[in-house]
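Structure, as structure tokens:
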Ligand SMILES: NC(=O)c1ccc[n+]([C@@H]2O[C@H](COP(=O)([O-])OP(=O)(O)OC[C@H]3O[C@@H](n4cnc5c(N)ncnc54)[C@H](OP(=O)(O)O)[C@@H]3O)[C@@H](O)[C@H]2O)c1
């Protein structure tokens, strides 16, 4: 059985960087996203491993099931990066409900469905496997005007941590990742405009991907890429959520605004 690593949201940003990094480690890849053209361009860059593409909108449960059937027709998944996600930066109660609905659908429903399906698949083949959940620094730091996104990533953290305990003693190892701001399509897709100064603090997805893979190889269960993010996580643990929300709201109002 051929072994593959599956990445959702591989058509852009962190997912693309992860694909390139995993290929350097000679891992065969199954890459998915809605934008097939971008997936094809990525595939053309990777020559040393087997790369399979599957176009899917993960909000559609049938497409998720079709993705699993596709995987099982090719081989088995021994690594899963549950990465697809998006946000919508706007004061809660303003803007379009449809945008928030999409955040909930992708970050919560599709995320959970894919995790469920891949764990079933991994339990069936029983080979040593890794499952990686991409959360966010907003799982620790509540970000005003990004309430639904922050809550969705808190959900990811809680779900991941419980499943991690449930799966102890099986060949499936779980890792959760909490990136801070990165230079990807995320800011634009999330209706955020950053000041020039703030843009300079964003991490390159390639650096985050390298850090993640190294940390996973070392067996780290909780991965916070970047020194500043590690420090912020530590500092945040000393304060109440309501205090953090107030302070973060004040600070970020100087450098983030909603684009529309
Ligand atoms: N960038 C940041 O500042 C930041 C910080 C913390 C955490 N994160 C998290 O990191 C992960 C990757 O984000 P990124 O920064 O790489 O953002 P990105 O460049 O916008 O990439 C998001 C990916 O999600 C996929 N996606 C969105 N909706 C989808 C859907 N309905 N079905 C299938 N795929 C869908 C997109 O693919 P298609 O458009 O082709 O479908 C795209 O490949 C996300 O979970 C995000 O929440 C990002």
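The figures follow:
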item: For region 40-91 and region 101-174, distance of Cα centres in Å; result: 16 Å
item: Diffusion constant of region 148-251 at 20 °C, which comes from Stokes-Einstein with the Kirkwood Cα-pair radius and 1.002 mPa s, µm²/s; result: 136 µm²/s
item: Computed Rg/Rh of the chain, alpha carbon atoms with Kirkwood Rh; result: 0.95
item: Modelled label reach - residue 25, point 7 Å along Cα→Cβ, region 138-157 residues with backbone N closer than 16 Å; result: none
item: Equivalent ellipsoid semi-axes, region 40-92, via Cα gyration tensor eigenvalues times 5, rooted, Å; result: 26, 17, 11
item: Share, in percent, of DSSP beta bridges within the chain that are antiparallel, nearest 5; result: 10 percent
item: Approximate spin-label separation residue 125-residue 2, in nm, with each point projected 7 Å along Cα-to-Cβ; result: 1.1 nm
item: Top of 210, 168, 130 by mean-square fluctuation, Gaussian network on the chain, Cα under 10 Å; result: 168
item: Helix-only [θ]222 nm of the chain, DSSP H runs n ≥ 4, -39500 (n - 2.57) each, per residue, nearest 500; result: -14000 deg cm²/dmol
item: Percentage relative contact order, the chain, counting C-alpha pairs under 8 Å, at least six apart; result: 20 percent
item: Coordinate range along principal axes, alpha carbons of region 119-186, Å, largest first; result: 42, 24, 15
item: Crossing angle, helix 36-45 versus the chain [Cα axis fit, 0-90 degrees, rounded to tens]; result: 70 degrees
item: Label-to-label distance, nm, for residues given as residue 201 and residue 251 (7 Å Cα→Cβ offset); result: 0.6 nm
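Only the coordinates and a few stated rules stand behind these numbers; no lab work does. Model, not experiment: these values are computed from the prediction. Note that each Cβ is placed from the backbone with ideal geometry, even for glycine, and that neighbours are counted across all protein chains shown.
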